[in-house]
Structure formats: structure tokens, C-alpha cells
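Structure first, commentary second.
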Amino acid sequence: MSRPDGAAGRLHADALRVLTAWEAPDAVQDEERREFLRHLAVHPDGLWRECAPGHITASTAVLDGTGTRVLLTLHRKLKAWLQLGGHCEPGDASLAAAALREATEESGIAGLRLRPEPIRLDRHAVPCHPGGSWHLDVQYVAFAPENARHAVSDESDALGWFPVDALPEPSDDIVRRLVERAAGLKG
């Protein structure tokens, strides 16, 4: 497969830059970082949904201004409470831009303040392709403006604000680990 060019090439280069420069908080996260970089080296198309072995995604824990509540989506297909985020698109200038775009689209909240660097990585199985696939999720945190009003997108059954220490069910360990890490950060 050929190397990506144009806007797609810039996003690929950004992903390499972000993952190379990112200082993982522990050895497990550093191994994830190295695995994501290996994936991109083997799969030049590794940012796109069409890459069946797996693809980089960008998601965001959206916190209120106090950092005590998180906005979660009841995912329409998976029927679980999840962070906002999803697949990269060719028009995304960077992984951070993809994370912010997804969070804004899925929350309906304008003016989210995204921290520019990821806060964690997560690799998890997904049903994107027959036989399954993997999301190599680069996870960010964003803070909503005061009195932000959210709006349910067509990807969600519901959206809701939850205390960071009392997440709803069903959710999963991916969300719990992301929210725990995000809650320790300041806007």
C-alpha cells in the first residue's frame, strides 16, 4: 500500500508526531504507544476505518468546568455509556482536531476547550469489519464552557452529565480509566 499524501498524509504525520512525543504515564501506556506506532508503520492506511486489522481513532472525555462531571453518550449501536469520539476523517488536520470535531458533533456543544495532548491510549475490539477489528484510541480531555447545553446526535440514544466518581451502567473499563485520568486534570 502506498504512503498517504495530501491532507491524509498530514494527519498520518501528525499521528506519528503525537505518538512519538507523548510521554506515557506508565510502562503499560508506553507499550500501547509503541504498538500504535508499529501499527502506523505497517499500515500506512492505519488511520482509516477501511483498515480492517485496526485503525487509529480519537475520543474525548468532556468534563464540565469544575472537572467533577463528565458528559457521556448512550451509544446507539453499542447500547452502552461511552466517551465521545470516533473515526478520523480525511479533512482532520490533526488527531486533536479529530477528537475535538467528534466531541463537538456528538455533544452539540460549541466552544469545548481541548487539551492539545492525549491523556491516555486504549486498544479495544470493535465490530467495524466482518470478523472484528481494533480501535487504537488516542484519548483526550476537553472542558465544556459554563452553562453548556448539549444536544443528542444521530449516533446517540441519549447524552448525560454524570459525576466522575459515579458513572452510569452499562459502561466499561475503557470509560472508567479515561474518566479517572481526566478527572485529575485541570481545565
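For Cα extents along the principal axes in Å, computed directly from the structure shown, the correct entry in (i) 65, 51, 25; (ii) 46, 34, 30; (iii) 73, 41, 35 is (ii).
Of the solvent-accessible surface of region 1-109, computed with a 1.4 Å probe and all protein chains present, 57% belongs to carbon and sulfur. Summed over the residues of the chain and divided among them, the accessible surface reaches 48 Å² per residue at a probe radius of 1.4 Å. Under 5 Å between amide hydrogens, built in the peptide plane, is the criterion, and for Val141 it picks out Ala61, Arg115, Ile119 among residues at least 5 positions away or on other chains. Of the peptides 72-84, 40-52, 13-25, the ranking by mean beta-carbon count within 10 Å, highest at the top, reads 72-84, 40-52, 13-25. Which of the trypsin sites (Lys or Arg not before Pro) across region 107-187 are loop residues per DSSP, with 13 or fewer other Cβ within 10 Å? Passing both the DSSP loop test and the Cβ count: Arg149, Lys186. Under 5 Å from the amide H of Arg69 lie the amide H atoms of Asp64, Val164, each residue being 5 or more positions distant or on a separate chain, with H modelled from the backbone and absent for Pro and chain starts.
If R0 equals 25 Å, the separation of the Cβ atoms of Lys77 and Arg34 corresponds to a calculated FRET efficiency of about 0.25.
About its Cα centre, the dipole of region 50-140 is roughly 300 debye, where the only charges are +1 on Lys and Arg Cβ and -1 on Asp and Glu Cβ.
What is the Rg over Rh value, at two decimals, for region 1-70, using alpha-carbon atoms and the Kirkwood definition of Rh? Spell out each step's value before the answer.
Values: Rg = 14.5 Å, Rh = 13.7 Å.
Reported Rg/Rh, Kirkwood definition of Rh: 1.06.
Region 121-187 and region 13-42 have Cα centres lying 20 Å from one another. Estimate the FRET efficiency between Glu105 and Ala27 by the formula 1/(1 + (r/R0)^6), using the beta-carbon distance for r and 25 Å for R0, to the nearest 0.05. That gives a FRET efficiency of 0.15.
For Phe162 and Arg113, compute 0.36 nm times the residue count separating them, minus their Cα-Cα distance, and round to one decimal in nm.
Working: separation 49, 0.36 × 49 = 17.64 nm, distance 1.88 nm.
Between Phe162 and Arg113, full extension yields an extra 15.8 nm.
How high is the FRET efficiency from Arg123 to Arg149, r the C-beta distance, R0 35 Å, rounded to 0.05?
Details: r = 34 Å, r/R0 = 0.96.
Rounded to the nearest 0.05, the efficiency is 0.55.
Under a GNM of the chain (C-alpha, springs under 10 Å), which listed residue has the highest mean-square fluctuation: Ser94, Ser107, Ser133? Looking only at Ser94, Ser107, Ser133, the largest GNM fluctuation is found for Ser133. Look at the dipole of region 130-187 built from charges on Cβ: of Val164, Pro130, Ala151, the Cα furthest out on the positive end belongs to Val164.
The values are calculated or read from the model by the stated rules, or taken from the named source; none is laboratory data. What you see is a predicted model; the values in this text were computed from it and never measured. Every residue, glycine as well, gets a Cβ built from its backbone with ideal geometry; the counts of neighbours run over all protein chains shown. Remember, those area values only see protein heavy atoms, side chains included, never the ligands or the DNA or RNA. Shrake-Rupley method; radii C 1.70, N 1.55, O 1.52, S 1.80 Å.
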